[in-house]
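Following: one structure in structure tokens, then a few remarks.
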Amino acid sequence: MRILFLNGPNLNLLGQREPEVYGSTTLEDIESRVRSRAQAKGAEVDFRQSNSEAELVGWIQQAKGNCDVIVLNAAAYTHTSIALRDAISGIGVPTIEIHLSNIHAREEFRRHSMIAPVCCGIIVGFGADSYTLAVDAAINVKASISAKTGAFSPATKGSILK
Ligand code: DQA
């Protein structure tokens, strides 16, 4: 079981960036929490951050055949990127959208996600815990897919755990 965590723009600044919104935990701290949680559950983790939309698209494309589930905090690209959405729907690797903050309780422009419709689930608003919750969710998604069909079909998105 291999989980690819992808982090979008400005998440490298966590810890110093708007701590009243995003908390004081750094991305390195979050990565180490994710690794501990995954190790306890017997899962492998690849954890990356980029400020570049193109690099994120490239990593999503490479995920096919290399990981079981993607966990994506696309940061600001969540609200704008058709390219990330198309990459996710193009490769068919189940993807979980996550956010530290509750994007639905913030500015209007953050309430719309371009990528949510092609993700199998969303975890928002739990701060750094959104990441560790996503480890558990990813493991459950993988188990659910293996039990049902052995393969992810975009047609099952939205009802993967039912
Ligand atoms: C974020 C929410 C986004 O709206 C914002 O652009 C971010 C971080 C979050 O994790 O809460 O950079 O993805």
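Below is a table of values for the structure above.
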read-out: Under-5 Å amide H pairs with Gln49, H placed in peptide plane, nonlocal only; value: Asn7
read-out: Footprinting exposure proxy for Glu97, Glu44 (fewest neighbouring C-beta atoms within 10 Å first); value: Glu44, Glu97
read-out: Asn51/Asp136 FRET efficiency (R0 22 Å; Cβ-Cβ; nearest 0.05); value: 0.20
read-out: Mean residue ellipticity (222 nm) of the chain, computed from DSSP H runs ≥ 4 via -39,500 (n - 2.57), nearest 500; value: -11500 deg cm²/dmol
read-out: Residue of Pro94, Pro19, Pro117 that the Gaussian network model of the chain assigns the largest fluctuation, springs spanning Cα pairs under 10 Å; value: Pro19
read-out: Degrees between helix 82-91 axis and first principal axis of the chain (Cα, 0 to 90, nearest 10); value: 30 degrees
read-out: Residue-span extension gain [Arg111 to Leu13] - 0.36 nm each, minus C-alpha spacing; value: 33.1 nm
read-out: Sequence-distant aspartates and glutamates (8 or more away, or on other chains) whose Cα lies within less than 19 Å of Lys41; value: Asp29, Glu31, Asp68, Asp129, Asp136
read-out: Length added when fully stretched, Gln61-Ala143, from 0.36 nm per residue minus Cα-Cα; value: 27.3 nm
read-out: For the chain, size of Cβ-based charge dipole, Lys and Arg +1, Asp and Glu -1, in debye; value: 580 debye
read-out: GNM flexibility winner over the chain from Ala63, Ala134, Ala105 (Cα, springs under 10 Å); value: Ala105
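Just so you know, all these numbers are worked out from the coordinates, no wet-lab data involved. Note that the coordinates shown come from a computational prediction; the quantities given were computed from them, not determined experimentally. So basically every Cβ, Gly included, is an ideal-geometry build from the backbone, and we count neighbours across all protein chains shown.
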